[in-house]
Amino acid sequence: MTDMKPILTAQGLGKSFGAVRVLHDLEFSVRPGEVLGILGPNGAGKTTLFNLISGDIRDHHGELTFEGKPLTGPPNRRCKAGIGRTYQVPRPYSGMTTFENLVVAATFGSGRREVDCYESCSAILDECELMARANTMAGTLTLLDRKRLELARALAVGPRLLLLDEIAGGLTDDEGHALVELIRRIRSRGVTVVWIEHVLHALMAVADRLLVLNFGEKIAEGVPSEVIEDEEVQRVYMGVEA
Ligand SMILES: Nc1ncnc2c1ncn2[C@@H]1O[C@H](COP(=O)(O)OP(=O)(O)OP(=O)(O)O)[C@@H](O)[C@H]1O
């Protein structure tokens, strides 16, 4: 696995909003098939990093590549290229049913015809435990089901790289375990996952490596059990005085 070419790379990646520097000179790569967990305190720049990868924000310093090619263009082009993402605040089309939301994501994100997406969308509903809500208006779903739908919509584009932004917060222990199992299944199909998460035990259960950001800079990267023992990580992230 270490000899494989990275699916995603960032080199000298930087982003500022006016005078506020949010990401600075970030370097990392993600290997195909791995789960990379991203940790960092609030405001560390994690979601901004996802916005740069997904194309929600497109002006930045440095370079991002996906499968060896520079990552450019609007979000729909990046979806079609194989990048799916969730948003921290789920934003489904509330006046459409759960199933309709999936079909829209699948057709928009993959360029297929609606009728060609029904089968895969129904399999995803099943996998994300949403089949019983298939005909429910998305605006009336519970928070847990909205999070499931957010993940289902990202899967509907058929991603090779899946970006997950804080999907475990607020779940019970059982729901958290089920989510970890689901992410393991997704990974076992060869999908590469980058997961921003504050719920550390969920991340530790599935991540192959962790990347830790603080004030837009990488402060640690590596095997999870070693990274969380790192003194700087303990100090800035876990609130432990060195
Ligand atoms: N569009 C924007 N305009 C101005 N400042 C922004 C914008 N988006 C993000 N920021 C600022 O960039 C910094 C990093 O935000 P970001 O959302 O990337 O952090 P985060 O690590 O994802 O935090 P959290 O864990 O709270 O989600 C914050 O100070 C935020 O206020």
Check: Along the positive direction of the dipole of the chain (beta-carbon charges: Lys, Arg +1; Asp, Glu -1; about the Cα centre), which of ILE219, VAL180, SER120 reaches farthest?
Finding: SER120
Checklist line | DSSP bridge pairs, the chain: antiparallel proportion in percent, nearest 5 | finding: 55
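Which order results if HIS24, HIS198 are arranged by neighbouring Cβ count within 10 Å, fewest first? Can you show the working numbers first?
Working: HIS24 18, HIS198 15.
Listing HIS24, HIS198 from fewest to most nearby Cβ atoms yields HIS198, HIS24.
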Item checked: Sites matching chymotrypsin sites (Phe, Trp or Tyr not before Pro) across region 138-242 that sit in DSSP coil, with at most 15 neighbouring C-beta atoms within 10 Å -> PHE215
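What is the magnitude of the charge dipole of the chain about its Cα centre, with +1 placed on the Cβ of each Lys and Arg, -1 on the Cβ of each Asp and Glu, and no other charges, expressed in debye to the nearest 20? Don't skip to the answer; put the middle values down first.
Numbers: 27 positive and 33 negative charges, 214 e Å.
That gives the chain a dipole magnitude of about 1020 debye.
How large is Rg/Rh for region 180-242, to two decimals, with Cα atoms and a Kirkwood Rh?
Numbers: Rg = 12.7 Å, Rh = 12.6 Å.
Rg/Rh: 1.01.
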Note to self: Suppose each label sits 7 Å from its Cα in the direction of the beta carbon; what would the ALA123-VAL89 distance come out to in nanometres?
What the structure shows: 3.5
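Taking a 21 Å limit on the Cα-Cα distance, which of the listed pairs LYS147/LYS218; LYS15/LYS218; LYS15/LYS80 fall beyond it? Mind showing how you got there, number by number?
Details: LYS147/LYS218 28 Å; LYS15/LYS218 14 Å; LYS15/LYS80 25 Å.
The pairs that break the limit, which is 21 Å between Cα atoms, are LYS147/LYS218; LYS15/LYS80.
Which three semi-axes in whole Å describe the equivalent ellipsoid of region 1-128, each the square root of 5 times a Cα gyration tensor eigenvalue, listed largest first?
Working: eigenvalues 167, 67, 41 Å².
Output for region 1-128: semi-axes of 29, 18, 14 Å.
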Check: region 107-242: Rg/Rh from Cα coordinates, Kirkwood Rh?
Finding: 1.03
Check: Against the longest principal axis of the chain, how steep is helix 114-127, in degrees 0 to 90 to the nearest 10, with axes from Cα atoms?
Finding: 60
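Give me the extension gain from VAL20 to ARG113: residue separation times 0.36 nm, minus the current Cα-Cα distance, reported in nm with one decimal. The partial results should precede the final answer.
Numbers: separation 93, 0.36 × 93 = 33.48 nm, distance 4.29 nm.
Extending this stretch completely gives an extra 29.2 nm.
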Check: Share of Cα-Cα pairs in region 90-152 beyond 13 Å, in percent?
Finding: 54
Next item on the list: Calculate the all-directions average of the projected area of the chain's alpha-carbon convex hull, and give it in nm².
Entry: 13.3
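At 0.36 nm per residue, and after removing the present C-alpha to C-alpha distance, how many nm does the segment from GLU67 to ALA134 gain when stretched out fully? Mind showing how you got there, number by number?
Details: separation 67, 0.36 × 67 = 24.12 nm, distance 3.40 nm.
That works out to 20.7 nm of additional length.
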Item checked: On Cα atoms only, tilt of 98-110 relative to the major axis of the chain in degrees -> 60
Next item on the list: Taking DSSP loops as anything outside H, G, I, E and B, show the longest stretch in the chain free of trypsin sites (Lys or Arg not before Pro) there with at most 10 other beta carbons within 10 Å.
Entry: 1-112
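Where a number appears in this text, it was derived from the coordinates with a stated rule and is not lab data. Keep in mind that this is a model prediction, so the values were computed, not measured. Don't worry about glycine lacking a Cβ; one is built from the backbone with ideal geometry, like all the others, and counts go over all protein chains shown.
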